[in-house]
Every structure is written in C-alpha cells, then in structure tokens.
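Below you'll find the structure, written out as structure tokens, and then a few comments.
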Amino acid sequence: MAKHIVMLGPPGAGKGTQAKRIAEKLGIPHVSSGDIFRENLRNRTELGRMAEEYINRGELVPDDVTIAMIRDRLSRPDCRDGVVLDGFPRTPAQAAALDTILQEVAGAQVDIVPCIRVPESVLVERLTGRRSCPRGHVYHLKFNPPAEPGKCDHDGLELFQREDDTRETVTHRIQVYNQQTQPLIEYYEKRGVLVNINGDQPIENVSAELFAALAQV
Ligand code: AP5
C-alpha cells in the first residue's frame, strides 16, 4: 500500500478528516501544515506570529517559511517509512521542494496524490459549520457533530471555530486555492500519481473510495 501520500483538494474538501483516518489505518504520521501553523500560533512562537496575519487573511504563508517548517518535520525519524501530508504542497515551488526533501530524508518519492473533488457551493457550508479541537480533531455542526455539543469526543477539550472559517475568508481561501494550488493537479497528473476522489458523499464513502485507491499502489 502507498506510504508517501499527498492529500490535495480545496479548503473544506475533507483532506484533514480523511488524512487522519489514513494515518491511523496505515500507522504513519499525519502532517498538516495548517495544524503546525496553528499550534505555533497558540504557543505564540516566532513562526506563529509571522504566519498569523497570512492565515487570518486566508493568504498563503510565504514558501520559504513553509518549506523550512515541513523540511524540519519530515526530517524526524517517524516520517521515514511514510507520511500523509495534508495542506502541503500548495504551490509549484513547494511541490518541487517536497520531491527533494523526500529523496533526501527517506530516499522516497510521492506515491499517490488523492485529489478530493467537491463543488464550491458545498465547501462554504462545510467550513462555516466546522468546529475544531485544539489537538486537530474536526467536527461539523450538521454533518459530523460531536456526541456532546461543544466537546471533543476523543479528549473532551472544548471545540472552537477557526478564525479563518468566516464566510468572507473562506471565499477568499477558495480563490487562493484556484489560483495557486490548482496547477499542482496537472503537475501530479503528468507524473501519473493523481487519483480523483469524489468528496461530495458521506465521510465513510469517501474513505472507502480512498482506501480502494491506496490499495492499488
Ligand atoms: P489548512 O489548515 O491547510 O486549511 P485548508 O487547506 O484551507 O483546509 P481545511 O483544513 O480548511 O479543510 P480540509 O480539506 O482539511 O477539510 P476538513 O477535513 O477539515 O490551512 C489554513 C491556512 O494555513 C492557509 O489558508 C494558509 O494561510 C496556511 N497554510 C497551510 N498550509 C500552507 C502551505 N502549504 N503554504 C502556505 N500556507 C499554508 O473538513 C471540513 C469540514 O467538512 C469539517 O467540518 C468536516 O467535519 C466536514 N466534512 C469533511 N468531509 C465531509 C463529508 N464527506 N461530508 C460532509 N462533511 C464533511
């Protein structure tokens, strides 16, 4: 089964939701660039303070900063045998850097890029209704509610709404995706590693389609 996996898709497509399931099933780390930025933001690190203005505006954090952060994470021993990347790469420069990093740290390459497709109209409802746990677990008020309102099922922590999940910022993030990240679809398609996944169906069905695709590699 594929072990170096890049999740692609617009904001709200379900990359994080599915990446967690893949990581659990395959026993590999889930590396989310957004989660790492948010953790730094909460801890008021230099990186967090720098990234904050970009994230809250729905813009991408500059490539050099993001690439250095991911290089550092992928260099840790737990990523050597596989990783599911969520939110990285997001620009052609990041995709090229990822190829180099994987080769350097693990002698590996990207095995498969599931691209989760969801119509834009659905994305806005998903993101404005999302509630998140500080440890990265994700819920939706309507589509995936926690057992106890406002509390994470896994660790009981209080759920919050991300600052960039307002309707206005969500709309801008989708535009940024269309302009800056869409080109990666062609990049990975040419390499023969892209697999389209229908994300506009219940979470369980998306997972089933994904695992079937991963089993082919
Ligand atoms: P990031 O955290 O990566 O956000 P994103 O890509 O916009 O993706 P999301 O986390 O919003 O959505 P998702 O696809 O993971 O969906 P989820 O599973 O949560 O990035 C945030 C910011 O950080 C960026 O804007 C940028 O500033 C910065 N950043 C991060 N990486 C960067 C990079 N590489 N370069 C530069 N800057 C970077 O699901 C969404 C909701 O839908 C949830 O409520 C969920 O429960 C629900 N849901 C999921 N699947 C389904 C389904 N099948 N049916 C119904 N509901 C569903």
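For the reader, a short list of remarks on this structure follows.
- Positions within segment 180-193 being more than 15 Å from residue 61 (Cα to Cα) and either open to solvent by 30 Å² or more (accessible area, probe 1.4 Å) or assigned to a helix (DSSP H, G or I) (or both), in sequence order: 182, 183, 184, 185, 186, 187, 188, 189, 190, 191, 192
- Qualifying residue in segment 36-57 (condition: away from the ligand (no atom under 11 Å from the Cβ) and in contact (Cβ under 8 Å) with a residue 40 or more places away in the chain): yes
- Flag for residue 28 being under 28 Å from residue 175 (Cβ atoms), at pLDDT 95 or above and buried (at least 18 other Cβ atoms within 10 Å of the Cβ): no
- Counted residues, segment 129-138 - those being at pLDDT 95 or above and either open to solvent by 50 Å² or more (accessible area, probe 1.4 Å) or over 15 Å from the mean Cα position of the chain (by Cα) (or both): 2
- Condition check for residue 66 on (1) closer than 21 Å to residue 7 by Cβ; (2) surrounded by fewer than 20 Cβ atoms within 10 Å (Cβ to Cβ); (3) polar (S, T, N, Q): one failure, at (2).
- Selection within segment 1-58 - β-branched (Val, Ile, Thr), touching a strand residue (DSSP E or B) at 6+ places or on another chain (Cβ under 6 Å) and in a loop (DSSP other than H, G, I, E, B): 28
- Yes/no for residue 81 being open to solvent by 70 Å² or more (accessible area, probe 1.4 Å) and in a helix (DSSP H, G or I): no
- Flag if residue 71 is among the basic types (Lys, Arg), open to solvent by 50 Å² or more (accessible area, probe 1.4 Å), touching a residue at least 12 places away in the same chain (Cβ under 8 Å) and in a helix (DSSP H, G or I): yes
- Matching entry among 62, 89 (being without any contact (Cβ under 8 Å) to a residue 24 or more places away in the chain and within 8 Å of the ligand (Cβ to nearest atom)): 62
The values are calculated or read from the model by the stated rules, or taken from the named source; none is laboratory data. These numbers were taken from a predicted model, which means no experiment stands behind them. Virtual Cβ from ideal backbone geometry, glycine too; neighbours counted across all protein chains shown. Side chains included, ligands, DNA and RNA excluded: accessible areas come from the protein's heavy atoms. Shrake-Rupley method; radii C 1.70, N 1.55, O 1.52, S 1.80 Å.
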